[in-house]
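What follows is one structure encoded as structure tokens, with my remarks underneath.
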Amino acid sequence: MSSTTPFALLANATSLPWAEIPAWPAAEFVRSTATELNRGARLCAWFGVPEGAATRLVAVLAFDADNTLAVGRSHPLTGAYPTLTDTHPQAHLFEREVWEQHGLKPEGHPWLKPVRRSNDAGNAPALREFFRVEGGEVHEVAVGPVHAGVIEPGHFRFQCAGEEVLHLEIALGYQHRGIEAALAGGPHRATMNQMETVAGDTTIAHATAHASIMEALAGTEAPLRAQWLRALALELERLASHTGDLGALAGDVAFLPTMSACGKIRGDFLNLTALLCGNRFGRGLVRPGGCRHDLDAGRAAQLLERLDNALAETKQAVEWFWDAASVRARFENVGTVHPAQAADVGLVGLAARACGLVRDVRYDHPAGWHRFAQAPVAVWPGGDVFARAKVRSLEIERSGDYLREQLAAPAEGALRDELPPPAPDTLAVALVEGWRGEVCHVALTDASGRFRRYKVIDPSFHNWMGLALALRGTAISDFPICNKSFNLSYCGVDL
Amino acid sequence: MTLILHLILRLALWLLLAPLLPGIINKVKAWVAGRRGPPVLQLYYDLAKLWKKSVVLSQLASPGFVIGPAVGWVALVGAALLMPLGPAGSALSFRGDVLLLIYLLALARFCTAWAAMETGSAFEGMGAAREVSYAVLAEAAIIAAVLSLIVHTGSVSLITMLAPSPGAGAALLAAGLFTVLLAENCRVPFDDPNTHLELTMIHEAMVLDHSGPPLAVILHGASVKLLLFAVLLVQAVLPIGEMTPPAAAGALAAGVLLVTISVGLVESLLARLAFRRVPLLLTTAFLLCVFALLVAWKGDAT
């Protein structure tokens with residue numbers, strides 16, 4: 001399929017000169033992108049690159065079946081262009097973002113409003129316009145941005161008929177820190193630390209994506225030993241988050257045994273990451289050109305032993321979970337996203353795999369250590385809360401097996417290489433399968449090799465729409481378990 | 001004079017012992033989960049703390065916002081005084097007092113829902129709507145349980161009607177009343193007293209805006225209600241009225257403790273029900289009580 005595309009092809013974690021990317025007038029570019037999406041591509045990124053007073057649109061597509069990425073761009077434009085969202089809802093949030101950042105108006109976009117910023121009146125996201133359902137029996141429930149638990153701020157607006165949710169709209173932006181703007185002219189000294197905190201629970205994935213970008217721009221890659229360590233850390237991050245989420249799901253239905261056990265085991269997994277690099281969230285491990293901490297044989301043996309214990313405990317806790325009929329009754333057929341909807345809105349990662357879609361960057365677009373060793377993709381049909389919990393428990397098993405195998409076969413050699421300077425006027429793309437899904441970083445350098453544009457797309461950016469769809473026709477009292485089953489990042493979207 | 005002393009003693013017993021029950025439940029839950037858990041006396045500390053705090057009042061709320069919890073508390077304490085305690089009898093007993101007990105419980109619920117609606121918040125409206133919808137079914141079960149005792153003893157006075165006979169009827173009644181106890185006191189699997197998720201709350205959602213002394217009164221009233229149901233359940237199953245005072249006191253205390261621990265165990269081992277399934281379980285409780293009624297009615301004839 002991808003062999004006949006007019007877009008420029010490239011592999012994951014590689015780069016390509018900016019001049020070699022084909023360009024079209026805006027309307028034609030949107031049409032070509034739509035054609036590629038119809039042929040099975042998926043929209044990974046859609047963003048603007050300022051050029052003088054005008055802006056170029058850039059699209060990064062993924063042909064999962066062909067294991068390749070494709071890039072295209074438009075001629076510089078100002079004003080308006082025909083919308084892509086109309087035919088391809090997965091572009092919905094991307095086009096709103098481009099409108100917010102560059103003022104390019106997608107003509108015919110069904111719901112054009114800012115993604116993160118306040119409106120002109122300076123109102124907070126929760127005070128913007130919301131889609132309303134009319135009717136005497138319809139009532140509106142507003143939740144957040146301040147929540148009862150210690151969680152991130154975000155506003156949820158429900159349109160309900162009694163207990164049933166007719167529509168949910170989510171307004172984020174409370175944690176907008178200007179990460180992308182801070183990267184212009186970079187990399188700066190603080191850049192690596194900022195990349196590690198794009199979404200604090202996805203430190204390794206974002207750090208690896210950024211490091212891969214720097215390596216791709218330099219035309220090299222990290223030493224094998226570093227790639228091996230990054231793969232280990234990525235799976236440890238997945239284990240900790242998935243275990244924590246299963247515990248949180250149990251807590252939301254007041255099933256205490258699994259909740260108590262998983263809360264503790266999550267800490268055990270985090271401590272394994274600390275054993276690897278001294279930080280429970282993996283900060284300071286991944287650096288452009290390699291890794292900063294090595295795993296000696298003694299600690300590797302200790303890691304394996306503690307990993308086995310934690311995995312055995314997880315298995316037990318998860319079995320309590322699946323054996324309890326009262327838990328299954330809460331999870332099955334609740335918060336269902338149909339596969340067709342999932343494909344339409346472009347879900348990625350765990351949420352997509354729980355709808356039966358085979359989407360896993362480690363398998364579809366392997367880079368780094370995943371070219372040599374992959375864990376089987378965990379897929380479960382159904383699209384409900386149960387499926388999302390099930391995919392988590394499957395991935396815990398498979399990540400555990402993967403870690404055992406890889407710990408037995410370490411790569412030897414240097415830990416870190418000096419990187420050559422980044423190539424000028426070059427575009428690099430890196431995808432990493434974080435525990436939520438596809439983390440996508442795209443960088444474009446200027447004539448001096450500094451960042452001209454840097455785009456970060458957290459998997460949550462694709463998946464929040466999935467949560468909104470999951471709530472349609474669901475009881476509002478089931479919102480917490482639906483939300484927890486996605487467990488999306490607020491700060492990863494707000495940037 | 002002795003009458004007044006008796007009344008004061010009885011009141012003190014109810015008011016002082018009630019907050020112990022939630023503490024025991026939490027201890028059981030902590031023990032099952034392998035945690036140390038909060039102290040058994042935690043609710044006493046919380047009440048003392050809340051009593052010292054100031055009240056945050058919405059400008060939109062009418063005096064009902066504060067009157068509701070107060071009237072609700074008085075109604076619950078009044079209901080507690082009607083409840084006989086084995087051979088000690090009740091503070092006030094008359095023909096048909098059981099009906100007053102049921103109405104006092106309903107009045108307390110009405111007052112909580114009323115106070116919740118005063119805030120005009122979507123959460124509290126939702127909570128009140130849920131509370132009263134499920135109460136319809138729970139009250140049906142209580143009335144069926146009371147009817148079965150009335151039919152069994154031929155009396156409509158609490159002091160004489162709580163004289164059960166062992167057998168199938170008592171077992172059915174115990175199962176039915178225990179389920180009602182869980183529903184009425186907002187315990188798992190009907191409600192989750194520990195949740196912080198406003199959208200899933202029933203009882204907790206109604207009291208979100210209360211603070212300071214009114215909240216203390218609500219929490220204390222809830223613990224009195226729990227003790228009231230535990231005492232009712234024990235006396236509906238065990239013939240405590242016929243025992244000697246020391247034996248009766250021991251049996252009552254042991255029974256209430258057992259009920260409390262059972263609540264803790266249920267909470268530790270069961271997940272919460274989805275709201276759409278709550279009516280099913282409440283209907284089951286109602287049917288159990290109806291069968292107890294049938295046993296009391298036809299079982300005696302044979």
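The values are calculated or read from the model by the stated rules, or taken from the named source; none is laboratory data. Note that the structure is a prediction, hence the values are computed from the model and not measured. Note that we place each Cβ from the backbone using ideal geometry, even for glycine, and neighbour counts take in every protein chain shown.
Restricting to the stretch A:67-87, count the residues that are surrounded by fewer than 19 Cβ atoms within 10 Å (Cβ to Cβ) and out of contact with any strand residue (DSSP E or B) (no Cβ under 6 Å at 6 or more places or on another chain).
4
In the stretch B:120-142, which residues are touching a residue at least 12 places away in the same chain (Cβ under 8 Å) and away from chain A (no Cβ under 14 Å)?
B:A135, B:L137, B:A138, B:E139, B:A140, B:A141, B:I142
For the stretch A:9-59, how many residues meet the condition of being touching a residue at least 40 places away in the same chain (Cβ under 8 Å), aliphatic (A, V, I, L, M) and out of contact with any strand residue (DSSP E or B) (no Cβ under 7 Å at 6 or more places or on another chain)?
So the count comes out to 2.
Select from the stretch A:131-155 the residues that are more than 9 Å from chain B (Cβ to nearest Cβ) and either on the phi > 0 side of the Ramachandran plot or surrounded by 16 or more Cβ atoms within 10 Å (Cβ to Cβ) (or both) and list them in ascending order.
A:G135, A:G144, A:P145, A:E152, A:P153, A:G154, A:H155
Select from the stretch A:437-495 the residues that are within 14 Å of chain B (Cβ to nearest Cβ) and among the hydroxyl-bearing types (S, T, Y) and write down the one among them that is farthest from A:Y363 (Cα to Cα).
Within the stretch A:437-495, the match that is farthest from A:Y363 (Cα to Cα) is A:S477.
Mind checking which residues of the stretch B:176-211 are over 30 Å from A:G144 (Cβ atoms) and within 14 Å of chain A (Cβ to nearest Cβ)?
Scanning the stretch B:176-211 gives a single hit, B:L182.
If I ask for residues that are under 24 Å from A:C440 (Cα atoms) and part of a strand (DSSP E or B), which ones from the stretch A:59-84 would you list?
A:A59, A:V60, A:L61, A:A62, A:F63, A:T68, A:L69, A:A70, A:V71, A:G72, A:R73, A:S74
One residue is enough: does the stretch A:120-129 have a residue meeting the conditions crowded, with 19+ Cβ neighbours inside 10 Å, part of a loop (DSSP other than H, G, I, E, B) and not polar (S, T, N, Q)?
No: the stretch A:120-129 contains no residue that is crowded, with 19+ Cβ neighbours inside 10 Å, part of a loop (DSSP other than H, G, I, E, B) and not polar (S, T, N, Q).
Condition (residue is within 14 Å of chain A (Cβ to nearest Cβ) and part of a helix (DSSP H, G or I)) applied to the stretch B:212-230: is it met by at least one residue?
Within the stretch B:212-230, not a single residue is within 14 Å of chain A (Cβ to nearest Cβ) and part of a helix (DSSP H, G or I).
Mind checking which residues of the stretch B:1-50 are assigned to a helix (DSSP H, G or I) and within 14 Å of another protein chain (Cβ to nearest Cβ)?
If the condition is that a residue be assigned to a helix (DSSP H, G or I) and within 14 Å of another protein chain (Cβ to nearest Cβ), then B:I25, B:N26, B:K27, B:V28, B:K29, B:A30, B:W31, B:V32, B:A33 are the ones that fit.
Please pick out the residue among A:P106, A:P110, A:P153 that is out of contact with any strand residue (DSSP E or B) (no Cβ under 6 Å at 6 or more places or on another chain), closer than 30 Å to B:F275 by Cβ and not small (G, A, S).
Of the residues listed, the single one that is out of contact with any strand residue (DSSP E or B) (no Cβ under 6 Å at 6 or more places or on another chain), closer than 30 Å to B:F275 by Cβ and not small (G, A, S) is A:P153.
Among B:S58, B:S90, B:S54, which is within 30 Å of B:S157 (Cα to Cα), hydroxyl-bearing (S, T, Y) and touching a residue at least 40 places away in the same chain (Cβ under 8 Å)?
On inspection, the qualifying residue turns out to be B:S90.
Please determine, by comparing only the residues of the stretch A:312-326 that are hydrophobic (A, V, I, L, M, F, W, C) and within 28 Å of the chain's Cα centre (by Cα), which one is farthest from the other protein chains (Cβ to nearest Cβ).
The first filter runs over the stretch A:312-326 and keeps only residues hydrophobic (A, V, I, L, M, F, W, C), leaving A:312, A:317-318, A:320-322, A:324-325.
Then keep just the ones that are within 28 Å of the chain's Cα centre (by Cα); that gives A:317-318, A:321-322.
Numbers: A:A317: 11, A:V318: 14, A:F321: 9, A:W322: 12 Å.
Looking at residues that are hydrophobic (A, V, I, L, M, F, W, C) and within 28 Å of the chain's Cα centre (by Cα), I get A:V318.
Do we have A:H462 as over 19 Å from A:R392 (Cα atoms) and crowded, with 24+ Cβ neighbours inside 10 Å here?
Criteria not met by A:H462.
Please determine, by comparing only the residues of the stretch B:277-302 that are of a type outside the set (V, I, T), surrounded by fewer than 21 Cβ atoms within 10 Å (Cβ to Cβ) and farther than 28 Å from B:P22 by Cβ, which one is nearest to the other protein chains (Cβ to nearest Cβ).
B:L287
In the stretch A:298-344, what count of residues is obtained for those that are small (G, A, S) and buried (at least 19 other Cβ atoms within 10 Å of the Cβ)?
Applying the first criterion (small (G, A, S)) to the stretch A:298-344 yields A:298, A:300-301, A:310, A:312, A:317, A:324-326, A:329, A:335, A:340, A:342-343.
Then drop every residue that is not buried (at least 19 other Cβ atoms within 10 Å of the Cβ), which leaves A:310, A:317, A:324, A:335, A:342.
Adding up the residues that qualify gives 5.
Residue check, A:V348 against (1) surrounded by 22 or more Cβ atoms within 10 Å (Cβ to Cβ); (2) more than 30 Å from A:P223 (Cβ to Cβ), all met but one. Which one?
Status for A:V348: all satisfied but (2).
Given the conditions (1) over 22 Å from A:A443 (Cα atoms); (2) part of a helix (DSSP H, G or I), and given that A:T87 satisfies all but one, which numbered condition is not satisfied?
Failed condition: (2).
Which of (1) within 21 Å of the chain's Cα centre (by Cα); (2) closer than 29 Å to A:V327 by Cα is the odd one out, the single condition A:H370 does not satisfy?
(2)
Which is acidic (D, E) and under 30 Å from A:G178 (Cα atoms), of A:E397, A:E412, A:E433, A:E405?
The conditions single out A:E433.
State whether the residues of the stretch A:166-174 include one that is of a type outside the set (A, V, I, L, M), in a strand (DSSP E or B), touching a residue at least 12 places away in the same chain (Cβ under 8 Å) and closer than 25 Å to A:L467 by Cα.
yes
Restrict the check to the stretch B:198-212 and report whether at least one residue is modelled with pLDDT of 90 or more and crowded, with 22+ Cβ neighbours inside 10 Å.
yes
Quick one: B:A236 ticks every box in (1) more than 14 Å from every other protein chain (Cβ to nearest Cβ); (2) assigned to a helix (DSSP H, G or I); (3) at pLDDT 90 or above bar one, so which box is it?
Among (1) more than 14 Å from every other protein chain (Cβ to nearest Cβ); (2) assigned to a helix (DSSP H, G or I); (3) at pLDDT 90 or above, the lone unmet condition for B:A236 is (3).
In the stretch B:260-281, what count of residues is obtained for those that are within 20 Å of the chain's Cα centre (by Cα), assigned to a helix (DSSP H, G or I) and closer than 13 Å to B:R187 by Cα?
The number of residues fulfilling the criteria is 10.
Look at A:V286 and say whether it is closer than 30 Å to A:R450 by Cβ and either within 14 Å of chain B (Cβ to nearest Cβ) or in contact with a helix residue (DSSP H, G or I) (Cβ under 8 Å, 6 or more places away or on another chain) (or both).
Answer is yes for this residue.
Collect the residues in the stretch A:244-271 that are within 13 Å of chain B (Cβ to nearest Cβ) and charged (D, E, K, R), keeping them in residue-number order.
Hits for the stretch A:244-271 are A:D252, A:K264.
Scanning the stretch B:86-121 for residues that are outside any loop (DSSP other than H, G, I, E, B), small (G, A, S) and surrounded by fewer than 19 Cβ atoms within 10 Å (Cβ to Cβ), which turns out farthest from the chain's Cα centre (by Cα)?
Applying the filter and picking the extreme gives B:A88.
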